[in-house]
1. Roll a 1.4 Å probe over the protein chains and send me the accessible area per residue for the protein assembly as shown in Å².
2. Could you tell me which of rounded, prolate or oblate describes region A:1-152, using a ≥ b ≥ c as the square roots of the eigenvalues of the alpha-carbon gyration tensor, with rounded for a/c under 1.5 and, failing that, prolate when a/b is larger than b/c and oblate otherwise?
3. So what's the protein assembly as shown giving for Rg/Rh, alpha carbon basis, Kirkwood Rh from the mean inverse pair distance?
4. Go through region A:389-400 residue by residue and turn each phi into a ³J(HN,Hα) via Karplus (6.51, -1.76, 1.60, θ = phi - 60°); whole Hz please, and just put x for glycine and proline.
5. Computing the accessible area with a 1.4 Å probe over protein heavy atoms, can you report the carbon and sulfur percentage for chain B?
6. Can you list residues whose amide H is under 5 Å from B:Leu283's amide H, if they're 5+ apart or on another chain and H is modeled 1.01 Å from N?
7. Using amide H atoms built 1.01 Å from N in the peptide plane, name the residues 5+ places from B:Asn48, or on other chains, whose amide H lies under 5 Å from its own.
8. Normalised by the number of residues in region B:23-148, what is the relative contact order in percent for Cα pairs under 8 Å and 6+ residues apart?
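The values are calculated or read from the model by the stated rules, or taken from the named source; none is laboratory data. Just so it is clear, the model here is predicted, and its values are computed rather than measured. Virtual Cβ from ideal backbone geometry, glycine too; neighbours counted across all protein chains shown. Note: accessible area is taken over every heavy atom of the protein model, side chains too, but ligands, DNA and RNA are not part of it. Shrake-Rupley method; radii C 1.70, N 1.55, O 1.52, S 1.80 Å.
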Amino acid sequence: MAFNSVSFLLFFPIVAILYFGIPRKYRWAFLLAASYYFYMCWKLDYIIIMIASTLVAYGSAILSEKSTRKAVKKIFFLTSVIFNLGLLFVFKYFNFFSESLQALFNSINIVCDIPTFSFLLPLGISFYTFKIISYSVDVYRGTHRAEKHLGVFALYVAFFPALGAGPIERTGFIKQIHNPAPFDCQRVTNGLLLMAWGFFKKTVIADRLLAIVNDVYKSPSELAGLPVVIATLFLAFQIYCDFSGYCDIAIGASRVLGYRLSNNFNRPFAAKSVSDFWNRWHITLSMWIRDYVFMPIAISKKFKGKIGGVIFALIVSFSLVGLWHGAKWTFLFAGMLQGLAIAGGMLTKTPRKKIQSIITQRVYNFFCLLGTFFFMCFTFIFVFAPDFSAAIDILNGIFVSGKHKWIELGINKNDFFISVMLIVVLEVVQYLQAGKDASARFFKQPAAVRWAAYYLLLLGIIMFGVFTPNKFMYMQF
Amino acid sequence: MGVLLLAGISVINKKLILDKLYAPQNVVLSRETNLIIIGDSSLEYSYNPAIIKNSINNARPAENYFYSYYKLKFILEKNKHVKTVVLGYGYHNLSKNRDADIMPSKMSLQFYNRYFMLLDATGRKEIQKLDMNYLFCYAKFCLGIPLEFYKNMDLIVDLLLGKFDHTKYPFWGDFSKDKKLRLNVAFEKMLDAEVVGSFYNGNTIAGKSPVMSAYLVKIAELCSRNNIQLILLATPVHKDYLSRVPPYYMELNSEMLVFLKKRYPDIRYYDYSSLLTDDSFFLDPGHLNHRGADIFTAELKLKISQEHCCGRS
């Protein structure tokens, strides 16, 4: 059940109404049932995988906490990590590795037949596996107590708003499940508004841009030049609106139910460097990688925080970020590029400071912002393209001058102007949202202003939404 | 308050915009246009209207007889000067698989968005199932709720400026002149997909579609009522495709033809399915490329002029 489906539009209000009608101490059970139902609507039998992951992580954490011997603790901890990463590997990466190995053996004339599976990737497995691993690590490190209530822990793993594509919540979220918030009208309104904004981003902006991007990218050599450049710039906003739209709906839905999910975005295209970008884009994944991959490597005994170690940790971390997105070489490459760019930023700090002293801060910031945006557009090509040759075709298309009449652009003129207008609206709204207490300020406005905003948003979705259902991109990761 | 607002907007949208936008008087073809080509992609790719004067190719991908009937009815309303209608009549056209586009499915929204505005109550009943896509289009076109309003903006601007262009209608077709010669790319795979998609349901023959048969008869009746010559046309297909057409469908087409001829003796049938044998004329097993289209259209022109069936063509 996708957020942008009619079934979700029926499912969510029913769940929300029933949820507040149930005594607080049983709400977890209802929400867990709703979450499992939500998951089973996608594929019935794959619920077993999630339940198995939950049970192993739950049991291992309790046993790990109970045991006094460090080695035994470690065994239980590793059981959970290996089991869950193993599932992730089998479903997501096995074919990638076996096909890559097969290609390698073929290239050196070694005859062998490495098997591949034709499993469907379980929905949200990358997200809930990371949740489980962070929980296992936190319990092993002793920063969190093992959760004794199996139902509460199962809900932590399966909480439906964050199930398909995050945000990746951490162990602290369990506390919220133990203490469900009472009904609060303003919070519910706030949540619904955020959900509507998420739907707007997805159906009005992302899906419109996707149609343009797909039209141009399906034959980049035929529509070389300006159309490919426009499609590439639109692609950045498409991916952003698709994913942040999903997160807004997830956060909004959770808010309605009384839960606070972590923010996953903070105006990423206002970033002035690649590292700044990753502090603003898919923040929960960045933080997860920082805490559980980057930091342990960078401050390990071997590297002790030395620059070489930091760079190595960066490249490993971002390669993992790339691979987390999908089992493809293009993802790995895009991830490594991020790591290299951040490392490059660290190594060029001194010369950049010199440039900064020559020109004004504003000009410097402007070029940093532009440079970061173009770099991200470049790497998004590798995220979107099915393989390297397609990505190279697109890149070639950018640098070849082509036809420039609207009629020949492969882009509908109206769609183009609507899209540009929508991107401006997006940036303005985000600018307003970024201000201090934006939400409180909005709710202090006269009722007429607020209701006008609600109606405009809903009418915008109705009139300008693209209702050909497109999947959320990150639900496929 | 919100519901009232939406109702008000919907009424305005329906009465002042949609009813005016999708009205038959917007489609007035030039007086010289006397031949209309209608059907699915097999005609879309094979008939080049530049070769036969005063004709238009209005075929659209995957358009079945149900939609063709409503489209034709809409066009003919204000174009009584049309003398001939050429309708695609391949072996796949009466297959049960053609019903898929009027049934609730992932693809149905695409077709509803294209043709729903043309349907009358009978047509809507034909596709009415408990289907969200149907309800979505019903709300959009019949109730006037401005869902996906932006799709009409081009037409609205044209209408306001008084330079309405009916070829921008979503159901309006055209000749698709594909310059690529793709036949060698995974030909066998394409052939399998095309044969299975057209004739089989799993491993068994899909069977006959009563809906398509009924609407073919309705098209014949519509043409007969308007004194229009109906030509049923089987376009050239690749020899490998032809060899894999189940005999069931060949018999079905013949039987239907006999039935139609009995009822409407003026109907003509041109079978060009095996006209072209060389691979270089095909885009894929069921479609011609631009070279094939030019040769086929020239051949058709000759045939039509020999039979003097469409005046000045």
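1. Dividing the accessible area of the protein assembly as shown by its residue count gives 46 Å².
2. Values: a/c = 3.53, a/b = 1.28, b/c = 2.75.
Cα axes put region A:1-152 in the oblate bin.
3. Numbers: Rg = 30.4 Å, Rh = 30.1 Å.
Taking Rh as the inverse mean 1/r over Cα pairs, Rg/Rh reads 1.01.
4. Calculated HN-Hα couplings, in order: 5, 5, 5, 5, 4, 5, 4, 4, x, 5, 8, 10 Hz.
5. 56 percent
6. Placed amide hydrogens put B:Leu288, B:Asn289 under 5 Å from B:Leu283.
7. B:Thr297
8. Over region B:23-148, the number comes to 23 percent.
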